[in-house]
Amino acid sequence: MLLQAMDIHKSFGESRILKGVDLTLDEGKVLVIIGPSGSGKTTLLRSLNLLELPEQGTLEINGKHVDFSKRLSKKETRDIRNQSAMVFQSHNLFPHKTVLENVIEGPVIVQKIPKDRAIDEAREILDQVGLIDYQNQYPFQLSGGQQQRVGIARAVALKPKLLLFDEPTSALDPELVSDVLKVMKDLATKGWTMVIVTHELKFAQEVADKVIFVDQGVISEEGTPDQLFQHPQHERTRRFLSRILQRT
Amino acid sequence: MAPFVLGEITIDWPLAFHSFWPILQGGLIYTIPLAIISFIFGLALAMLMALLRLSRVQVAQGIARVYISIIRGTPLLVQLAIIFYGLPDLGIEVSPFAGAVVALSMNVGGYAAETIRASILSVPKGQWEAGYTIGMNYAQVMRRIILPQAARVSVPPLSNTFISLVKDTSLASTITVTELFRRAQEITATSYDFLLLYSEAAFIYWVFCFILSIIQGRIESRLDRYVATH
């Protein structure tokens, strides 16, 4: 098992966002998290990369283990964070760096890979996401979809065990969504282990090995895409799915 | 009532000509170096104070708050006097130039700290998260991701600080630094041509500041190259 999160609890002030969530994922599998806004799905995803620090629970990724009820050392934080990389809803590219510089920043500065090699690898990845011609542009010169694909390239360049996607297409114009989804589908085919928060149900149906429905801070239903989308067990899941389907 | 007579304006051209170089020289060997050195030390101090203010440690925040409050709440002229005329009472003697550097640096440190702090806070939180998610630590994110973006925001206010500093160096004349204004003062002691000599001094300050504002524009457009609005 590559990823195992147990009994994750997280509050912001008085409001309890996650109320004991368990999550497991095997290597090479794709997990899609769906749920209404405010359900805690993004907080859950961010907890896997320690961008949120749960106050209770344990997390294990690729053999690295942390217990959130204890104070994490810098080394523990770094070790587990380096197992995954996040693709953000609003891409969060570094605006003062070119596309290529964005992609090599982590490998060169953090992983200390020689710059020449990092550049070669980055170009290969940019080629895969269809942006090799934009390598020397600044992020503001790209469209939203292109920016997001650079965001994906930046995460992939770190060669993490786990790729995390936080609603990667929600901020995009509809006509730009498919390019980003195509890149993600491509990664799934290549065997990347991925956890994706999304509202793109058709995409989820195609790539997910497992879908979980997060509602009010707990996983209220989980299963294969077929089980969850075609035969939802709970009324709330059914209502959520029909709302999403009406919207698209 | 005595009649108001506007005196005949006669410009003493030979005096204007002979005094120009000594005054300008005071500017070149004291005013400008004093401003540049004080600005560099001052920025380093301001950076430190900004980081203390942003730290989660209460004591560190407190130190920075008190420092900034003292610097902003007391006149620079008084700060100079304390350092140059006051500290010898404690057995600490400094040269006029060093005393001016210390006072001006501390002053910049207090004022620019808030500018730097605000510019760091102006960088979106997502940039921190993006840095952390690619494995950087606090110092790496700060240095490579946040500060370059904060720099762009802080250039206009820091340029104002620097231009003010160039003019504030004239206060160093009160502690016997023979900078631009003091040179002019010294010549008035024998010629009594206050209007001419102080106007000359003013003119040279203005030229310095004019050149600086051109340099500021260059830096701003260079830092704006990755922003959509140009």
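This table checks each residue for (1) surrounded by 14 or more Cβ atoms within 10 Å (Cβ to Cβ); (2) more than 24 Å from B:VAL155 (Cβ to Cβ); (3) among the small types (Gly, Ala, Ser).
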position: B:PRO14; (1), (2), (3): no, yes, no
position: B:TRP21; (1), (2), (3): no, yes, no
position: B:LEU48; (1), (2), (3): yes, no, no
position: B:GLN79; (1), (2), (3): yes, yes, no
position: B:ILE83; (1), (2), (3): yes, yes, no
position: B:GLY86; (1), (2), (3): no, yes, yes
position: B:ALA103; (1), (2), (3): yes, yes, yes
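May I ask you to list the residues in the stretch A:168-207 that are part of a helix (DSSP H, G or I) and touching a strand residue (DSSP E or B) at 6+ places or on another chain (Cβ under 6 Å)?
A:ALA188, A:ALA204, A:VAL207
Please tell me if A:LEU163 is out of contact with any strand residue (DSSP E or B) (no Cβ under 9 Å at 6 or more places or on another chain) and surrounded by 17 or more Cβ atoms within 10 Å (Cβ to Cβ).
no
So, of the residues in the stretch A:63-110 that are among the polar types (S, T, N, Q) and over 17 Å from A:ASN49 (Cα atoms), which turns out to be surrounded by the fewest Cβ atoms within 10 Å (Cβ to Cβ)?
Filtering first and then ranking leaves A:THR98.
Going by the structure shown, is A:LEU172 surrounded by 15 or more Cβ atoms within 10 Å (Cβ to Cβ), closer than 23 Å to A:ASN136 by Cα and either within 14 Å of chain B (Cβ to nearest Cβ) or over 15 Å from the mean Cα position of the chain (by Cα) (or both)?
The answer is yes for A:LEU172.
With the structure loaded, tell me whether A:SER73 is in contact (Cβ under 8 Å) with a residue 12 or more places away in the chain, of a type in the set (S, T, N, Q) and closer than 30 Å to A:LYS10 by Cβ or whether it fails that test.
Against the criterion (in contact (Cβ under 8 Å) with a residue 12 or more places away in the chain, of a type in the set (S, T, N, Q) and closer than 30 Å to A:LYS10 by Cβ), A:SER73 does not qualify.
Among the residues of the stretch B:56-76, how many are surrounded by fewer than 13 Cβ atoms within 10 Å (Cβ to Cβ) and under 19 Å from B:THR161 (Cα atoms)?
5
Return the total of residues in the stretch A:71-94 being at the interface with chain B (Cβ under 8 Å from one of its Cβ atoms), under 24 Å from A:ILE196 (Cα atoms) and in a helix (DSSP H, G or I).
Counting residues in the stretch A:71-94 that are at the interface with chain B (Cβ under 8 Å from one of its Cβ atoms), under 24 Å from A:ILE196 (Cα atoms) and in a helix (DSSP H, G or I) gives 2.
Could we say that B:LEU196 is touching a residue at least 60 places away in the same chain (Cβ under 8 Å), more than 14 Å from chain A (Cβ to nearest Cβ) and on the phi < 0 side of the Ramachandran plot here?
Yes, satisfied.
Being over 24 Å from A:ASP79 (Cα atoms) and outside any loop (DSSP other than H, G, I, E, B), is that true of even one residue in the stretch A:111-118?
The answer is yes; a qualifying residue exists.
Out of all the residues in the stretch A:180-195, which are more than 22 Å from A:GLN246 (Cβ to Cβ) and either of a type in the set (Asp, Glu) or buried (at least 16 other Cβ atoms within 10 Å of the Cβ) (or both)?
Selection gives A:VAL180, A:VAL183, A:MET184, A:ASP186, A:LEU187, A:ALA188, A:TRP192, A:THR193, A:MET194, A:VAL195.
Condition check ((1) under 18 Å from A:MET86 (Cβ atoms); (2) in a strand (DSSP E or B); (3) within 14 Å of chain B (Cβ to nearest Cβ)) across all residues:
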position	(1), (2), (3)
A:ILE33	yes, yes, no
A:LEU53	yes, no, yes
A:GLY57	no, yes, no
A:SER69	no, no, no
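Restricting to the stretch A:3-59, and then to whatever is touching a helix residue (DSSP H, G or I) at 6+ places or on another chain (Cβ under 9 Å) and of a type in the set (Val, Ile, Thr), can you tell me which residue is surrounded by the fewest Cβ atoms within 10 Å (Cβ to Cβ)?
Of everything passing the filter in the stretch A:3-59, A:ILE17 is surrounded by the fewest Cβ atoms within 10 Å (Cβ to Cβ).
B:SER199 passes all but one of (1) crowded, with 16+ Cβ neighbours inside 10 Å; (2) of a type in the set (S, T, N, Q); (3) within 20 Å of B:ILE32 (Cα to Cα); which number fails?
All conditions pass for B:SER199, except number (1).
If I filter the stretch B:163-170 for residues that are more than 22 Å from B:GLN25 (Cβ to Cβ) and out of contact with any Ser or Thr (no Cβ under 9 Å at 6 or more places or on another chain), do I get at least one hit?
Within the stretch B:163-170, one or more residues are more than 22 Å from B:GLN25 (Cβ to Cβ) and out of contact with any Ser or Thr (no Cβ under 9 Å at 6 or more places or on another chain).
Condition first: touching a Leu at 6+ places or on another chain (Cβ under 7 Å) and part of a helix (DSSP H, G or I). Now tell me which residues in the stretch A:127-138 satisfy that.
A:ILE132, A:TYR134
Run down A:LYS115, A:LYS97 and say which single residue is within 13 Å of chain B (Cβ to nearest Cβ), at pLDDT 95 or above and more than 15 Å from A:ALA155 (Cα to Cα).
The conditions single out A:LYS97.
Within the stretch B:112-138, restricting attention to residues that are more than 10 Å from every other protein chain (Cβ to nearest Cβ) and out of contact with any Leu (no Cβ under 9 Å at 6 or more places or on another chain), which residue is nearest to B:ILE63 (Cα to Cα)?
Applying the filter and picking the extreme gives B:GLU114.
The values are calculated or read from the model by the stated rules, or taken from the named source; none is laboratory data. The structure displayed is predicted, hence computed values, not measured ones. Because the Cβ atoms are built from the backbone with ideal geometry, glycine has one as well, and the counts that use them run over all protein chains shown.
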